[in-house]
Each structure stands twice: as C-alpha cells, then as structure tokens.
1. Determine the pairs where a residue that is of a type in the set (A, V, I, L, M), located within the stretch 167-178, has a partner that is assigned to a helix (DSSP H, G or I) and modelled with pLDDT of 90 or more with Cβ atoms under 7 Å apart, the partner being 6 or more residues away or on another chain.
2. For the stretch 178-229, give me each residue that is hydroxyl-bearing (Ser, Thr, Tyr) and either modelled with pLDDT under 65 or farther than 30 Å from residue 127 by Cα (or both).
3. What residue, among those in the stretch 1-29 that are of a type in the set (S, T, N, Q) and assigned to a helix (DSSP H, G or I), is nearest to residue 136 (Cα to Cα)?
4. Of the numbered conditions (1) farther than 23 Å from residue 206 by Cβ; (2) in contact (Cβ under 8 Å) with a residue 12 or more places away in the chain, residue 119 satisfies every one except a single condition; which is it?
5. Which one is nearest to residue 172 (Cα to Cα) among residues in the stretch 74-96 that are surrounded by 20 or more Cβ atoms within 10 Å (Cβ to Cβ) and at pLDDT 80 or above?
Amino acid sequence: MNNIVIIAKREAKAYFSTPLAYIFISIFCGLTAAFTFYLGAFIERGQADLAPFFESHPWLLVLLVPSISMRLWAEERKTGSIELLMTLPITSLEAVIGKFIAAWLMIAVALILTFPIWVTINILGNPDNGVVISSYLGSWLLAGQFLAIGSALSAMTKNQVIAFVVSTAACFVFVMSGLETVTQALEGWMPSYILLAVDTMSSLDYFEEFTKGIIDARAIVFYITTIVFWLFINVVVINLKKAK
C-alpha cells in the first residue's frame, strides 16, 4: 500500500508541475459551463437544474479522459523511463494502481471545480441536490472506467496519438452500445444473447440511473468490475512487456 501511495504522489506531482492538469481542468470546466448555459438552452428551458450539465459528461469524458490516459504508459515506454520504474522495489500491480489513482483524483478535482455551476443553479432555483450528488458520483465512476480502459490500451503502444485514438474509440463503444438505434441496427443479424451482452455493457444506461438520483448497486458493481478488469489487463500487458 505504501508503494501505491508513493507512485500516486509521484504522478500527481507530475500532473500539477506541468500545464497538463491545468489545461484539462480548464477545458473540462469551460465545456461543461458552455453545455449547461448555452448549448443546453438554460434560459429558454426556464428550469433550474443540472440536467444539461450531466447529459454532456459522457461525451466530454469520452474525448477528455483518453487525453489523460494516453500518457500513462505510452510516454513511459517512449522515453524508456518504464525500465527505470520497473527496477524500483515495486510490483507492476502497485505501479498500475498508483498511476490510475493519481489520474482519477485529478479528474475528481476537475469535477469538484465545477461547483460554481452547482452554486449558481441553487441561487436561481431549488434543484434536487441529492440527484446532483448521485450524478457527480456517476460521472466520477464513468471517468474511472474510461481511465482504466485508456490506461490498459496506453500500455500496448509507445505512440500517444494511437493510444488516444484507440482509447477514445473503445470508450465510445461502451457509451453507444446501449442506445436503441444501435441495438435495432444489430437486430436480425446477431443472436439475441449477443444483443443482450451488448446492451448490458452500456455505460450510458448505468450513468443515466445516477442522473435520476438512483444509486443502484448493480451500476456500482458494473463500473468497479470493469475498472478492475481493465487494470488487470494493464498489469498483464506491463508484465508481458517486461518479459521481452
């Protein structure tokens, strides 16, 4: 556990000692504000809630989280610093978890710094703050899932651009899989059990439960399970690279 904390602190310090964290947070906060007050037609709707704010999160996270995850391992492999990291008295699992926690906490900071939007909505009306809190939890878990996917895929290449593109595509699949138009398009030429599998892997469906104020144990298990699965893949890939 101590090694995980050391790695997490090392990574967190690296984020905030460069413009990366500040650029990510600024872009995320700026885009969420734009989606809430401008693209979300806040004035025209005449309703003081954060529905447009959270509706934009899955699509923003699909694009922004891979921009963080792409450097987690691809940069280490490109610069050769991964060899130095692996010579330290730590396991691959500790390194993977430490890096993941640091990045996930940075995303949490970005989410927390959107609080002025929440405050503004409370000044203008009386939103259900319980729904807002559950929606924030859903956003953080969704970001964690995308981050774990991106981290595993980043470990497979030295090229950050490739890592970004592949991670974005993979996260996009998880979001789109539950849409009715997608399942309808697959009907007729795919077995029903595959359609059911595609539908149950939809990150968007579980996220929408949180935006309704429902903290469903199944949704939490889904996100945690996928995070653990992709981190496991991440460890396997790192160990395979070490063996070469």
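1. 170/149; 170/153; 175/58; 175/62
2. Taking the stretch 178-229 as the starting set, the residues that turn out to be hydroxyl-bearing (Ser, Thr, Tyr) are 181, 183, 192-193, 200, 202-203, 206, 211, 223, 225-226.
181, 183, 192, 193, 200, 225, 226, listed by residue number.
3. Let us first name the residues in the stretch 1-29 that are of a type in the set (S, T, N, Q), namely 2-3, 17-18, 26.
When the remaining residues are screened for being assigned to a helix (DSSP H, G or I), the result is 2-3, 26.
On the way: 2: 29, 3: 29, 26: 18 Å.
Among residues in the stretch 1-29 that are of a type in the set (S, T, N, Q) and assigned to a helix (DSSP H, G or I), the one nearest to residue 136 (Cα to Cα) is 26.
4. (2)
5. It comes out as 96.
The values are calculated or read from the model by the stated rules, or taken from the named source; none is laboratory data. Everything numeric here is computed off the predicted structure, so don't read it as measured data. Ideal geometry is used to build each Cβ from the backbone, glycine not excepted, and the neighbour counts take in all protein chains shown.
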